[in-house]
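For reference, the structure discussed in these notes is given below.
The values are calculated or read from the model by the stated rules, or taken from the named source; none is laboratory data. From a predicted model like this one, the values you see are computed outputs, not experimental measurements. Cβ: placed from backbone, ideal geometry, glycine included. Neighbour counts: every protein chain shown.
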Amino acid sequence: AAGVIQSPRHLIKEKRETATLKCYPIPRHDTVYWYQQGPGQDPQFLISFYEKMQSDKGSIPDRFSAQQFSDYHSELNMSSLELGDSALYFCASSFGTAISEAFFGQGTRLTVV
Amino acid sequence: DQQVKQNSPSLSVQEGRISILNCDYTNSMFDYFLWYKKYPAEGPTFLISISSIKDKNEDGRFTVFLNKSAKHLSLHIVPSQPGDSAVYFCAATDRGSTLGRLYFGRGTQLTVWP
């Protein structure tokens, strides 16, 4: 069965550079969630989209932006990268807002050097 | 402010015995709780959940217990198997408010040894 696809799996960037993370939800899923997990930290909610509209916003820095496109895939854009942005970024998708049915991608490991 | 806490970062259990993973929460508005399992280099996978209207939910070797008055839940795995070795995340949500925000604990690394 198709799962949530995240790309790239690994990304290395220098400070002050920009990065774009992509998330392709399970087919027919219309809701996407982004989470950030720093080293030794719990996953922190960043932002979510439902039907291409932002539905909820968590601890997402102003340097980050995200959107959901007409095909329901989502992109997380990160600018002016800082060392502290190094983390595992997870995307999850669900049909509707049933978070209990959300499925996670494998994550993108971002390393800022 | 961490609303979901897993105070044991690691747990080591012998194969065949019971594994008990604990989780505490602070937000009384949480009404749905989930356990996720995560292997290295993979995303979290849903394991089992429980609604606040229940105090127990069982699925095969996995049972989740909820004590609302203590704001505590636990995941029991019996019998434990080496393939259960993974990081287990407890998560909670208030289904009545935001659209699907999950609050996670920091995870417990379970190691099941033969």
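Taken as a whole, the condition of being within 11 Å of chain B (Cβ to nearest Cβ), outside any strand (DSSP E or B) and in contact with a strand residue (DSSP E or B) (Cβ under 9 Å, 6 or more places away or on another chain) applies to residue A:96. Each residue in segment A:1-43 was checked for being in a strand (DSSP E or B), over 15 Å from the mean Cα position of the chain (by Cα) and either hydrophobic (A, V, I, L, M, F, W, C) or closer than 19 Å to residue B:40 by Cα (or both), and 1 of them qualify. With respect to (1) within 11 Å of chain B (Cβ to nearest Cβ); (2) more than 19 Å from residue B:87 (Cβ to Cβ); (3) of a type in the set (Ser, Thr, Tyr), the lone exception for residue A:18 is condition (1).
For (1) touching a strand residue (DSSP E or B) at 6+ places or on another chain (Cβ under 6 Å); (2) of a type in the set (Gly, Ala, Ser); (3) at pLDDT 95 or above, each residue gets a yes or a no:
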position	(1), (2), (3)
B:10	yes, yes, yes
B:22	yes, no, yes
B:29	no, no, no
B:43	yes, yes, no
B:56	yes, no, yes
B:79	no, no, yes
B:86	yes, yes, yes
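The requirement of being free of Cβ contacts under 8 Å to residues at least 12 places away in the same chain and either under 30 Å from residue A:10 (Cα atoms) or within 14 Å of chain A (Cβ to nearest Cβ) (or both) is fulfilled somewhere in segment B:21-41, by at least one residue.
When segment A:40-58 is filtered for residues that are over 19 Å from residue B:90 (Cβ atoms) and either loosely packed, with under 13 Cβ neighbours inside 10 Å or more than 13 Å from chain B (Cβ to nearest Cβ) (or both), the ones remaining, listed by number, are A:51, A:52, A:53. Of B:27, B:7, all but one fail to be of a type in the set (S, T, N, Q), part of a loop (DSSP other than H, G, I, E, B) and surrounded by 13 or more Cβ atoms within 10 Å (Cβ to Cβ); the exception is B:27.
Evaluated against (1) within 25 Å of residue A:87 (Cβ to Cβ); (2) crowded, with 21+ Cβ neighbours inside 10 Å; (3) of a type outside the set (Ser, Thr, Tyr); (4) over 13 Å from the mean Cα position of the chain (by Cα), residue B:33 falls short on exactly one condition, (4).
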